[in-house]
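Let me begin by presenting the structure, written as structure tokens, before commenting on it.
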Amino acid sequence: MTESQANSDVNENNLNLPNIITFARLGLSFVLFGMMSAGMGWLWSAGLFVFAVLTDILDGWIARKYQLITQLGRIMDPFVDKLITGGVFLFLLPYPESGVNPWMVVIVIGREMLVTSLRGFLERQGADFSASASGKLKMFLQCVAATLALIAMDHRCQHTAILWSRDISLWVMVAVTVWSGWIYVARGIELLKPSPPIS
């Protein structure tokens, strides 16, 4: 097989529907950040964010159902997920009325950096460090908190029930983010322990 044929195979394997959806979601994230920077259309921003989250569910389902999982997809899909959720919290920071505090964003981004670095190191060692139920719960709660924070930015939605729901979801999200991070660190410590000698 020639080098050009090999490159063609790689492109054919990676240029599938789940990966196209992932890259489309990456583009949507920049549209979303632009809308947030302009400080307008908060309900539209919330809707766009929810749509992006739903495309994440869709591309994962397609990849598993039709066996279209690729190395590129395994790298890009979680990267885009972390970019869009972390980005929403970052772009909400200039707005005190969003309910998002700097320390919350530090915890969210710091946890992602720690777990991603740990996963990369352990998987290079041949260990299985795939996503756990705690990680999926963390992602779900981050999406809920980000959506409510975006909705609450619209002056028509600044009712007591929505504001309380936003604040509670943010605090629960932070707590689960810390707990989930600890679960991954504990798993990493166990995997890094040397195997006992065979007697």
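The values are calculated or read from the model by the stated rules, or taken from the named source; none is laboratory data. The structure presented is a predicted model; accordingly, all values stated were derived computationally and were not measured. Methodologically, a virtual Cβ is constructed for each residue, glycine included, from the backbone with ideal geometry; neighbour enumeration extends over all protein chains shown.
Some notes on this structure:
- Remark: pairs (first residue in the stretch 18-34, at pLDDT below 95; second residue outside any helix (DSSP H, G or I) and surrounded by 14 or more Cβ atoms within 10 Å (Cβ to Cβ); Cβ separation under 7 Å; 6+ apart in sequence or on different chains) = PRO18/LEU68; ASN19/THR70.
- When PRO96 is tested against the conditions (1) within 21 Å of ILE183 (Cα to Cα); (2) loosely packed, with under 13 Cβ neighbours inside 10 Å, the lone failure is (1).
- The set of residues from the stretch 94-151 being among the hydroxyl-bearing types (Ser, Thr, Tyr) and within 16 Å of the chain's Cα centre (by Cα) comprises THR116, SER117, SER130, SER132, SER134, THR147.
- Within the stretch 128-150, the set of residues being without any contact (Cβ under 8 Å) to a residue 40 or more places away in the chain and either crowded, with 18+ Cβ neighbours inside 10 Å or closer than 23 Å to GLY99 by Cα (or both) comprises PHE140, LEU141, VAL144, ALA145, LEU148.
- The residues on offer are THR70, THR85, and the sole one that is within 12 Å of the chain's Cα centre (by Cα) and β-branched (Val, Ile, Thr) is THR85.
- Residues (of a type outside the set (Lys, Arg) and not in a helix (DSSP H, G or I)) located in the stretch 141-199: MET153, ASP154, GLN158, HIS159, PRO194, SER195, PRO196, PRO197, ILE198, SER199
- Residues of the stretch 41-80 that are charged (D, E, K, R) and under 13 Å from LEU28 (Cβ atoms): ASP56, ASP59.
- GLU123, sole failed condition from (1) out of contact with any helix residue (DSSP H, G or I) (no Cβ under 7 Å at 6 or more places or on another chain); (2) part of a loop (DSSP other than H, G, I, E, B): (2)
- Of all the residues in the stretch 147-193, those that are over 30 Å from ARG124 (Cα atoms) and small (Gly, Ala, Ser) number 5.
- Of all residues in the stretch 32-52, none satisfies the criterion of being within 18 Å of ASP77 (Cα to Cα) and more than 16 Å from the chain's Cα centre (by Cα).
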